[in-house]
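Worksheet for the structure shown next.
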Amino acid sequence: MFIQTEETPNPATLKFLPGRDVMGDGTADFARAEGAERSPLASRLFGVDGVKRVFLGGDFVTVTKADEKDWSLLKPALLGVIMEHFTTNQPVILADGESAPAAASDDDDEIVVQIKELLETRVRPAVAQDGGDITFHSFEDGVVYLHMQGSCSGCPSSTATLKMGIENMLRHYVPEVLEVRPI
């Protein structure tokens, strides 16, 4: 098994591509070891000293390290954990997944449906390439609230991505949008 790695815009985060589905549909974000019990893979990754956060995407795993740790020391251990996990065919998630994208529901008004559609088709695929995810949280008084996960969470360039990229695009297509903020 060959696992590729990619740097992300967040220097504390590295993206691992095992060459197979990780989550398929949806994502799972684990901010700490407590709460990662439902994912054998995330639990094992947290067992490596220096791992601060684990994000599982469709076909990738994103790991965020503690500031004082060095990737040259962490990367081999993380590659070993990921390789062993997938070669032993263990499940990635034991129970129903969390953090599936916010799909349009019958209760959503037309503006929210437009926002969710733009996020799903234009934003999320681009953000996933950098090892992260952005999901819709709410729309109130012209402000779109988004939840940032994976490499996007804590990324130095995330504010620029929100303001210059996502906010400008949403304002262009949906005039009712005045601003975009992270939650």
**Report entry** Computed over region 12-91, the ratio Rg/Rh where both radii use C-alpha atoms and Rh is Kirkwood
**Finding:** 0.92
**Report entry** Set of lysines near Lys163 by C-alpha distance (under 25 Å), chain-local residues within fewer than 8 positions excluded
**Finding:** Lys15, Lys116
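If you wrap region 106-160's Cα atoms in a convex hull and average its projection over all directions, what's the area in nm²?
On the way: hull surface 16.6 nm².
That works out to 4.1 nm².
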Query - Over 27 Å [Cα-Cα, the chain], rounded percent - result: 29 percent
Query - Average accessible area per residue (Å²) across the chain - probe 1.4 Å, nucleic acids and ligands excluded - result: 51 Å²
Report summary line: Descending accessible area (1.4 Å probe), largest on the left, turns Asp67, Asp109 into Asp67, Asp109
Query raised in the report: So what's the gap between the Cα centers of region 35-84 and region 108-183, to the nearest angstrom?
Result: 26 Å
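The values are calculated or read from the model by the stated rules, or taken from the named source; none is laboratory data. Given the structure is predicted, the values throughout are model-derived calculations rather than measurements. In case anyone asks, the SASA skips ligands and DNA or RNA and just uses the protein heavy atoms, side chains included. Shrake-Rupley method; radii C 1.70, N 1.55, O 1.52, S 1.80 Å.
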